[in-house]
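A short write-up of the structure that comes next.
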Protein chains: 2
Amino acid sequence: MSTTMADAGLVGLGSEATTPTGPQDTGEARRLISADKVEGTAVYNKAGERLGTVEDIMLDKISGKVAFAVMSFGGFLGIGEKYHPLPWSALHYDIQQGGYVVDMTREQLEGAPSYGTDENVDLNDDVYGRRVYDYYKAPYWNAGI
Amino acid sequence: MSTTMADAGLVGLGSEATTPTGPQDTGEARRLISADKVEGTAVYNKAGERLGTVEDIMLDKISGKVAFAVMSFGGFLGIGEKYHPLPWSALHYDIQQGGYVVDMTREQLEGAPSYGTDENVDLNDDVYGRRVYDYYKAPYWNAGI
């Protein structure tokens, strides 16, 4: 899992290699990023507090869209860790921060839909999924409903 | 990299766990799949010939869509390996095959846009990207152009 520069938003689009290696053109916004690079990237809030890490990217098989970026949050040495599913649009890469910024206070994030490692949560469940997207005020990923 | 069952198409949508673990409901089509599961999945053609392996998922930062699934093809012990960028829609999971099926002969795949590990190919280049999508007769991922 890489924690080097990775972009996911409109802020601070930077330059990084594509697969296998592309030209390092810092003058041009680079639209694409490897899912491998996104995973493991740190997540902060606007106050610069470290909130967690992007653990997983959940893709919609039919449309090929990212349905959720799952962030791990809290816990200590793997115990008590929570997972926060986030809409892709909630992640904004910040070059200075060296990670993603989510525009939420720590309290707002603690109140967000989340689950622990021992909980059965089905991200395919549109009721749950809509709750997540509503919380982050984003249009739901599943346009079929 | 997991080679267990992973879905990316309309064929044989199977059941697999979400993150961390979801209900194993084989009666219901499960729309979502972890990018980690997609990577490392074998790719075959309709004749059942092994073509390669999905190496990487390239995401569009702005829309959160998969722009390319990059498949490694050919080579021996890592030498002479080629990368084939594929549209997401070209991948169809086949439960019996235990991997993705791309509807191409080996010859068609050999003639497809590809690059070696020492070549500089920029997947952000829309000219190159359109060439890939045209080859697979798929609508280009970048709707802005």
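Need the full-extension length gain, B:F76 to B:T105, defined as separation in residues times 0.36 nm minus the C-alpha distance. One decimal, nm.
Working it through step by step, the gained length comes to 8.4 nm.
Can you list the equivalent-ellipsoid semi-axes of the stretch B:38-135, largest first and in whole Å, using the square root of 5 times each Cα gyration tensor eigenvalue?
Working through the eigenvalues yields semi-axes of 20, 16, 13 Å.
So, by mean Cβ neighbours within 10 angstrom, what's the order for B:51-61, B:126-136 with the highest one leading?
The peptides rank, most packed first, as B:51-61, B:126-136.
Can you list, shortest first in nanometers, how far B:G40 lies from the same residue in the other copies, with each label 7 Å from Cα toward Cβ?
Label-point distances to the other copies, shortest first: 1.4 nm.
Going 7 Å from Cα along the Cα-Cβ axis for the label, what nanometre distances separate B:D134 from the same residue across the other copies?
Taking the point 7 Å beyond Cα along Cα→Cβ, the inter-copy spacings are 4.7 nm.
Taking amide H positions as placed 1.01 Å from N in the peptide plane, with prolines and chain starts having none, which residues 5 or more places from A:L51, or on another chain, fall under 5 Å of its amide H?
For A:L51, the qualifying residues are A:V43, A:Y44, A:N45.
What does the copy distance list look like for B:N120, label position 7 Å along Cα→Cβ, in nm and ordered from shortest?
Ordered by distance, the counterparts are at 5.4 nm.
Give me the one-decimal nm value for the distance between modelled label points at B:D118 and A:E49, 7 Å along each residue's Cα-to-Cβ direction.
Label-label distance for B:D118 and A:E49, simple model: 5.2 nm.
Suppose we consider the axis relating copy A to copy B; can you name the residue of A with the nearest Cβ and state that distance in angstrom as an integer?
That would be A:A35, 2, residue then distance in Å.
If you find the alpha carbon centre of the stretch B:104-145 and of the stretch B:28-103, how far apart are they in angstrom?
Centre-to-centre distance over Cα atoms comes out at 14 Å.
Which whole-Hz ³J(HN,Hα) couplings does the stretch A:43-56 yield from phi under the Karplus relation 6.51 cos²θ - 1.76 cosθ + 1.60, θ = phi - 60°, glycine and proline marked x?
Each residue of the stretch A:43-56 in turn: 10, 10, 9, 5, 7, x, 7, 6, 9, x, 9, 6, 9, 7 Hz.
A short reminder: the numbers here are calculations on the coordinates, not readings from a lab. On a predicted model such as this, the values are computed, not experimentally measured, just so you know. When we count neighbours, we look across all protein chains shown, and the Cβ atoms used for this are built from the backbone with ideal geometry, even at glycine.
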